[in-house]
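Read the structure below first, then the notes.
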């Protein structure tokens, strides 16, 4: 039998060890600031964090925000905002604490699921230091995922430990409810519960699972309405049902690669959908599924643990990539998806009988060290918006969104030349992006290149004469070039193409032209 790690049995010591490792890895990012990515919507510009507490709590549970229904996350923000005087360090510290607890709960699940300490400890350690989890831990707006992990892992831990008692059922159901109120990505958890029971040789009445399934259905419907209400639902990937299915198959290997070789992490990745079935990327996904099914069958003697891990992976990832949302792949999607797969792989990697051999221990320590080093290097990028988006464009230079955020960050520190380079890059990536052309022209004008800026803006209004913002920004450029009459003529011509537009009328009446213009 496997020798038990006696020094790691006391829960407080293991929790302390996980905490020390986490702080050593994430220490620099804990002193970071709020970022310019979702943090303003959730925190800095969120009116529900101000005013009386009770009405704020009522709004939190009765409304959606930023395309999501996640009241537990918003409630935590309210408490932290009031308790710690708007200091981002405490927001980040809570995220790190939740990550440590999630890793510890994964260890507890592994001990109960595999019946062994070694695989549980290895999987929990890999989860704790995994570079793909940096986005979840170091980004304040990802608190929802960490809360869902703690409540969801807690629910599983109670479920597999409770031996069918009513108290255990109620505890698991309550924790699962809190997980869904944090983030609806765990709607598939009820599908895993009967599989866990069968693998453990337990038989429960089907009625035991029905409340979990009903709750998942309600949470899923609420989330769909929340996303649709904010316009967060994208068209089918590739434009049709066949290409949508092919895209889902094609992106699966990217997630597996992100789990086993997590060394090219960035805040935003670009994954082009399959637009024609002649794009053979989807066949790689099919081959991966076939290979996975074969491996699961070959290892069925381990109580189908690999099959359970794969099913959990697909259950969590599935809704994210099947439901059409704009972002197909992100590192943060792996946080909730990979824990059971890590446990299954660790269980297969370590022998079921006898001592763990030194080469296996050395290999595990090397992988943990490599992951930890990558995590330490990547987490520092999440200290500020500038460092984050510099990392983003360095790793994914074709990401228009990364360049957009970098352009704004450069403008915030009055680096006009740096902001201009970013806008120029966006026009190269997407020549049809008129907003990027406008900002590029305004940047050139601010640096004295008014002739070039005027040429860009005149080309823009020729392409889109119905755009009042284009005419307004042309007037801005002309004013900066010392041509106030030409600017007025541009506004008047804009009103010919956009009759009665309030923006152009306001500019003419006030006879001043601020910029850049926005709706």
Subset tally (residues that are in contact (Cβ under 8 Å) with a residue 12 or more places away in the chain and within 21 Å of residue 227 (Cβ to Cβ)) for the stretch 62-93: 13
Of residues in the stretch 227-257 being in contact with a helix residue (DSSP H, G or I) (Cβ under 7 Å, 6 or more places away or on another chain) and surrounded by fewer than 16 Cβ atoms within 10 Å (Cβ to Cβ), the one farthest from residue 64 (Cα to Cα): 236
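Go through the stretch 369-486 and tell me which helices (runs of 4 or more DSSP H), entirely inside it, have 1 or more residues that are more than 30 Å from residue 30 (Cα to Cα).
Working: elements: 385-395, 400-412, 416-429, 434-446, 450-463, 468-480.
Filter on the stretch 369-486 gives 416-429, 434-446, 450-463, 468-480.
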Residues located in the stretch 57-77, provided they are buried (at least 19 other Cβ atoms within 10 Å of the Cβ) and over 20 Å from the mean Cα position of the chain (by Cα): 60
Residue in the stretch 391-399 that is at pLDDT 95 or above, within 22 Å of residue 93 (Cα to Cα) and buried (at least 17 other Cβ atoms within 10 Å of the Cβ) present: no
Candidate set from the stretch 329-358 (those that are modelled with pLDDT under 90 and outside any helix (DSSP H, G or I)); member that is nearest to the chain's Cα centre (by Cα): 350
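Go through the stretch 190-207 and give me each residue that's assigned to a loop (DSSP other than H, G, I, E, B) and in contact with a helix residue (DSSP H, G or I) (Cβ under 8 Å, 6 or more places away or on another chain). Give the derivation first.
Residues of the stretch 190-207 that are assigned to a loop (DSSP other than H, G, I, E, B), as a first pass: 200-205.
Residues satisfying the conditions are 200, 203, 204.
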Pairs where the first residue, in the stretch 409-425, is farther than 16 Å from residue 387 by Cα and the second is at pLDDT below 95 and surrounded by fewer than 17 Cβ atoms within 10 Å (Cβ to Cβ), C-beta under 8 Å, 6+ apart: 416/447; 417/447; 420/447
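Only one of these is over 18 Å from the mean Cα position of the chain (by Cα) and at pLDDT 90 or above: 217, 252, 257, 236. Name it. Don't jump to the end; show me each part of the working.
Details: 252 fails: over 18 Å from the mean Cα position of the chain (by Cα); 257 fails: over 18 Å from the mean Cα position of the chain (by Cα); 236 fails: at pLDDT 90 or above.
Checking each option against the conditions leaves just 217.
Conditions (1) surrounded by 15 or more Cβ atoms within 10 Å (Cβ to Cβ); (2) not assigned by TED's automatic domain parsing to the domain that holds residue 264, marked per residue:
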| site | (1), (2) |
| --- | --- |
| 358 | no, no |
| 372 | yes, no |
| 375 | yes, no |
| 388 | yes, yes |
| 405 | yes, yes |
| 409 | yes, yes |
| 417 | no, yes |
| 428 | no, yes |
| 431 | no, yes |
Residue pairs meeting the criteria (Cβ under 6 Å; at least 6 apart or on separate chains; first on the phi > 0 side of the Ramachandran plot, in the stretch 25-46; second surrounded by 14 or more Cβ atoms within 10 Å (Cβ to Cβ)): 38/141
Close pairs from the stretch 487-504: first in the same structural domain as residue 450 (by TED's automatic domain parsing) and touching a residue at least 24 places away in the same chain (Cβ under 8 Å), partner outside any helix (DSSP H, G or I) and surrounded by fewer than 17 Cβ atoms within 10 Å (Cβ to Cβ), Cβ under 8 Å, at least 6 apart: 497/465; 497/466; 498/466; 503/519
Selection count where residues are outside any helix (DSSP H, G or I) and in contact (Cβ under 8 Å) with a residue 12 or more places away in the chain, scope the stretch 109-139: 3
Single condition residue 416 does not satisfy, out of (1) within 30 Å of residue 427 (Cβ to Cβ); (2) within 21 Å of the chain's Cα centre (by Cα): (2)
Single residue of 52, 28, 40 found to be at pLDDT below 90 and out of contact with any strand residue (DSSP E or B) (no Cβ under 7 Å at 6 or more places or on another chain): 52
Scope the stretch 165-192; condition in contact (Cβ under 8 Å) with a residue 24 or more places away in the chain and farther than 26 Å from residue 142 by Cα; matching residues: 169
Residue among 40, 52, 28 that alone is under 20 Å from residue 99 (Cα atoms) and not assigned by TED's automatic domain parsing to the domain that holds residue 406: 28
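The values are calculated or read from the model by the stated rules, or taken from the named source; none is laboratory data. This structure is a prediction, so every number in the text was calculated from the model and none was measured. Note that we place each Cβ from the backbone using ideal geometry, even for glycine, and neighbour counts take in every protein chain shown.
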